[in-house]
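Visitor: Okay, handing you the structure first.
The values are calculated or read from the model by the stated rules, or taken from the named source; none is laboratory data. On a predicted model such as this, the values are computed, not experimentally measured, just so you know. Here the Cβ positions follow ideal geometry from the backbone for every residue, glycine too, while neighbour counts run over all protein chains shown.
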Amino acid sequence: MQEPDKIRAFLKKVGRGKTLSRDLTREEAREAVASLLRGEFTPAQTGAFLQALRIKETSVDELVGAAEGAASFRQGAFPVQPAGAEHPLVVNLAFDTARKGGVVSLVALAWLRSRGLVRGMVVWEPPSIHREADAVGRTLDAIRSQPWLAASMPETATVREMCPRWQELASIRQELGFRSILNTVEKLLRPWETVPVVVGISHDTFSERLCHVLNALGAPRVAVVRGNHGTCDLGLGEKPTEVHAFADGVVREVLVGATDFPWKTDPSVLLVSSLDSWKDQLADDSSPLWGAVLAQAAFFHSIATGSPLSESVNLAASLPKGPLHA
């Protein structure tokens, strides 16, 4: 089959609308995304393909294959995956929404590493649609204001560092202006492929599905969080955060809320209006921000270690919030 015919075959299979389209096999999805990244799709075909998959909705096999197709272009040198005794955890912060406020997950990972509890790898991607959002950068600035936290920053990797060809799709993604399978694939790529992983999403359409996808890609435990503004951040307001968690071959839906934690907090610390005060709040271990940080840290610890959340909460509560003194 000639290359143009191959692309048209992909489009024909997925482009017949909600009821008549058919799913790509895992192998077809892998080749389709690889072809996309090799530049074999025209701009019109790229837009049609992404829109068709958006209408049809992607299956587990399609998402697994798409992630494998993108991973086949992986380049770059990243920190070696640590041993299990270090409790490695991948936290994916690749989101493309108009994010408000900071990213508590980043602070929680720095705190966990400062205590020798969890070694995190943060995967993220600068937004291609809402480019004015720089939640990750502003949160990193707040962390750097505290030397003891800055010394424990988690490793980081952007999607375009892992897959340099990803950047070549940025302009057409911005021009299309809608979320596509590419936004989902960004949540599936990671340098450490066989460790527990946490991802955040803004809706529940793919929540359970992503658990199965990430497990098929090598993650032994998975938590898919419908967190604050599509991140992994727990909301900690009156409404509990919905989480789909995969462990021991089973996906369970759980609710995680403020009542699961002993620390007092205020959901308003997650608002953009509070972000400018994060540097001061991190310097004050009685601030409401620290309640959110420790709750997030306990949640991450439970996923990384496989411990019940209550045990991770008790462990975090037994440790000092601020810098350790000799």
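Visitor: Looking only at residues that are more than 23 Å from the chain's Cα centre (by Cα) and touching a residue at least 60 places away in the same chain (Cβ under 8 Å) in region 275-297, which one is surrounded by the most Cβ atoms within 10 Å (Cβ to Cβ)?
Guide: Of all residues in region 275-297, those more than 23 Å from the chain's Cα centre (by Cα) come to 276-277, 279-288.
Remaining after also requiring touching a residue at least 60 places away in the same chain (Cβ under 8 Å): 279, 282-283.
Working: 279: 14, 282: 23, 283: 11.
Within region 275-297, the match that is surrounded by the most Cβ atoms within 10 Å (Cβ to Cβ) is 282.
Visitor: Quick check on region 148-198: of everything there that is modelled with pLDDT of 95 or more and in a strand (DSSP E or B), which residue is nearest to residue 248 (Cα to Cα)?
Guide: 197
Visitor: Among (1) assigned to a loop (DSSP other than H, G, I, E, B); (2) touching a residue at least 12 places away in the same chain (Cβ under 8 Å), where does residue 52 come up short?
Guide: In the conditions (1) assigned to a loop (DSSP other than H, G, I, E, B); (2) touching a residue at least 12 places away in the same chain (Cβ under 8 Å), residue 52 misses (1) alone.
Visitor: Further question on the same structure: Residues to consider are 223, 151, 219; find the one that is of a type in the set (A, V, I, L, M) and out of contact with any strand residue (DSSP E or B) (no Cβ under 9 Å at 6 or more places or on another chain).
Guide: Matching residue, one of 223, 151, 219: 151.
Visitor: Identify the single condition in (1) small (Gly, Ala, Ser); (2) surrounded by 19 or more Cβ atoms within 10 Å (Cβ to Cβ); (3) in a helix (DSSP H, G or I) that residue 137 does not satisfy, given that it satisfies every other one.
Guide: (2)
Visitor: Now for a different question. Could you list, in sequence order, all residues of region 245-271 that are exposed (fewer than 13 other Cβ atoms within 10 Å of the Cβ) and either assigned to a helix (DSSP H, G or I) or among the hydrophobic types (A, V, I, L, M, F, W, C) (or both)?
Guide: 250, 255, 259, 268
Visitor: Looking at (1) of a type outside the set (Ser, Thr, Tyr); (2) in a helix (DSSP H, G or I); (3) crowded, with 20+ Cβ neighbours inside 10 Å; (4) out of contact with any strand residue (DSSP E or B) (no Cβ under 6 Å at 6 or more places or on another chain), which is the one condition that is false for residue 304?
Guide: So residue 304 meets the others, but not (4).
Visitor: Considering only residues that are within 24 Å of the chain's Cα centre (by Cα) and either closer than 14 Å to residue 166 by Cα or without any contact (Cβ under 8 Å) to a residue 12 or more places away in the chain (or both), which ones fall in region 12-45?
Guide: 33, 34, 36, 37
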